Each structure stands twice: as C-alpha cells, then as structure tokens.
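Below is one structure, written out as structure tokens; comments come after it.
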Amino acid sequence: MTDLKELLDGLADEAPRYDVLARVHDRKRRRVRTRRLAGVGAVAVLAVAGVQVLGLPHLAPSADHTGGLPNRLGGCEAQRLPVPGGATHGSMVTAGDPTGRHLAGKKLGDHGHDRLLIWDDGLPREVAVDGEVPFFNDITTSGVAVATSIIGDRLASWIYRDGALVRLPGTNARAQVVNDSGAVAGTQDERPVVWRDPAQPPTALAIPAGATGFVADIGPDGTVAGGITDARGSHPYQWRPDGTGEELQMPDVLAGQKIVGIRVSVLSGDWIIGGVVAEVEGRTTVLGVRWSRTTGQSSWWHSPELPHVYGGGGVGAGTLESDDGPRPEPGEREYAQSSNAFRVSGDGSTRMLPTASGAVLVRGQPAAGFSAISDDGTVIAGHQMFARPGSQDLIPGAVRWLCR
C-alpha cells in the first residue's frame, strides 16, 4: 500500500465537475454554476485547480489585480470571441469539436434566460431555444450539436443541425453527446438512453436492476461509453451498438483500495479513456485509465489527465496556483495567492497562456476556465473574466486560444 501511495503522490487532488442542468431542481434558483476540470501532464511541476465557469458572483477587482498582458505569448494568441448584440451578463464556451473549428456556448441573460451560441471559425450565430438555462453539451466536426434546457421543472433536450434546433423526444431527458452521424446518447430519469433516430423516442440501454447510469461519449459506430452505479458502487461501462452492456475492469493496482468514483470521459478508436478516484491511505487521488473496447481490460498511467479537457495528443491546459504570500493563521483556509493559465504539450513542457485583451486577473481566482481543446492542441476554448461595461462587476467572457 505504501508503494502505491508513493506512486500516486504526484497526482493532483480530485476536483469535482458539476453538471449545470442536473443540479437545477428549484425553478427559482437561477444562479447556475459549473466546474470543468483543468489538468496538466507535468504533475511534478504544476498544481492543478478546477475552475468555476458560470454564474459567478459579482467580484470586484482587487487592488492588486493585473490585466492587459500581451495577447501573444508562448506561441498562442488569445481572442475574446464575438457575441451578437454584446453580452452584458457574460458569455462562455461549453463545448468544441475535435478540430477546434466549431465551438458551442451561450451568452448569459437575466434569471437563466440565456441564448445559445455557435461559433464557426470564430464567427458567431445565435440560436433561439425554448426554456431556461440552456446549455450546449457537445458538438461534432460537422457542426451538429446537442443541448439541454429547462421547461417548467423538467429537462428538455435538443439537436442542432443545418441551422435549426429541434427538440428530441422524451420526458426529463438529457442529451449529452452526439456523433457525426447524428446518433445521440444521454440519460432519461437517470437511466442511459440513445436516440438512434432523433425523430423517435430514445431507447434505454441495458443496466442491472436497481442501477443508475450516465453516458460520456458515443463512437462513430454507436458504441456508448459511460458508467453505472449500483449497490456495489460505481463501475465503468460500455454499451455495444445493439444496446447490450458490459462492465469494464478496474486496474489491478487499485485492488483492495476504496474506490470513491469513476470517470469515463472519451471514446477514442479502440480505447475508452477516463479515470478512477480512489482513497489511498486517507488521500483522495485520481488515476488515469484506459480500457480496451475489445477485451474490457484496463491499463493505467501516472497522470491526472482527463480527456474531456485534453486533446488526443496529450496536449492540455490548466491553472498553476502559487502560494507566494503570507502563511495563513492556524485554522484559516489557505488561498492561492496568484494564478496563471498554462498550456501543456505532449512531452510535459509548459508555456503560459496569454490573457485576452481586456481580461482581468484577480488574485486568488483561476486565470481561465477551459471547456474544449482540439485534438491537435492548436485550439483551446473557455473563458476569462472581464469587467462589465460601466461597472466594477466581473463577468465571464468566451475566449479561444490559437496556438502554433
């Protein structure tokens, strides 16, 4: 056990990713927050922090904030993405396709009356949708996207293609991922489902009696990757195109350890990639794992990379926090004194990401939030914080980084 603990000492602490829509139960509560994981491969050098993306409180810039850094630095250019009609309450990117050409997001409005956005190579299009708190969850290389909103007190799901947004059949259904052929996977009342034909009601995927489940990705052939939770705990899972399910094996190195949770993040070729959250001698840590789609066997690596943030080549983005200020008094919470955004290449080298023109960096707050990275690592998308026009309030603004 001690050897395993030493092996995992380099891993970043777990930072949960909160789903925006699943946590909205009270129709009157419209301050929505989401956290996307941000990680780096060079874990011996960087400490990684999760980042708040949406519904941020009105934070006045502190006296020691910095802004106006060069918008070209380290081989990347930061661009604030345009928003039709402006965005007085803020904007954000929530998904991107593997090439980085198509980005999906939203501009924020009062009381959850947000507007969906699609950027095609940086050019925006506003997409009208019924309901409140709309949220794009996924987008493909052809620009097909899926979204969710709240109508009344129930979830409604949508597919966007050919410039039109069409509601998917199903009650309290959440469309989460879509493939290039238009097959959609998600959940309905905490049960995994798939829309093979978006005009027909979803088909339930097989799970054990009494279990709940989630989906994380859908492959070109219709294979769905995700997980289930039953009386034994949480387990990685895959569903074949015929809807039958198969549990994936946990890494042998975690035998006898307490499993806190599992992450299944992306289906790539012959592999399903994600992570396992475990407690080792009282410490919560994340082990990167990949599962063979053919055999269900698992292998693992010494890295906290989570592929819903990382490109296929191992390129990633994260937040470096340094504690360079006075030490806290006993019992006081320790806050990071400064924060910088970094891009991490496949070889583990790091370069600081530039700040978009007009962005404000606040001491103790993440420098950026990330929600999409292209497979080749040349396009990163997310948000940074900006001052609201005519006010000291801060609002998120959609940003993309173009890197060489």
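Observations
- Each residue in region 360-404 was checked for being closer than 14 Å to Ala87 by Cβ and among the aliphatic types (A, V, I, L, M), and 6 of them qualify.
- If you go through region 346-404 and pick out every residue that is at negative phi, touching a residue at least 24 places away in the same chain (Cβ under 8 Å) and not in a strand (DSSP E or B), you end up with 22.
- Scanning region 243-271 for residues that are β-branched (Val, Ile, Thr) and in contact with a Pro (Cβ under 7 Å, 6 or more places away or on another chain) returns Ile262, Val264, Val266.
- Summed over region 275-292, the residues that are under 18 Å from the mean Cα position of the chain (by Cα) and under 15 Å from Gln257 (Cα atoms) give a count of 5.
- Pairing each residue of region 157-185 that is at positive phi and surrounded by fewer than 20 Cβ atoms within 10 Å (Cβ to Cβ) with any residue that is β-branched (Val, Ile, Thr) and not in a strand (DSSP E or B), provided the two are 6+ apart or on different chains, yields C-beta distances under 8 Å for Gly182/Val144.
- Sole exception among (1) surrounded by fewer than 17 Cβ atoms within 10 Å (Cβ to Cβ); (2) outside any strand (DSSP E or B); (3) not hydroxyl-bearing (Ser, Thr, Tyr) for Arg125, by number: (2)
- Within region 156-175, the only residue that satisfies the criterion of being outside any strand (DSSP E or B), within 21 Å of Thr141 (Cβ to Cβ) and at pLDDT 95 or above is Leu168.
- Beta carbons closer than 9 Å, at least 6 apart along the sequence or on distinct chains, pair a first residue in region 226-246 that is farther than 17 Å from Gly275 by Cα with a second that is modelled with pLDDT under 90 for Glu246/Gly296.
- Residue in region 244-265 that is among the hydroxyl-bearing types (Ser, Thr, Tyr) and at pLDDT 85 or above present: yes
The values are calculated or read from the model by the stated rules, or taken from the named source; none is laboratory data. Quick caveat: nothing in here was measured; it's all calculated off a predicted structure. Here the Cβ is made from the backbone with ideal geometry for all residues, glycine too, and neighbour counts use every protein chain on show.
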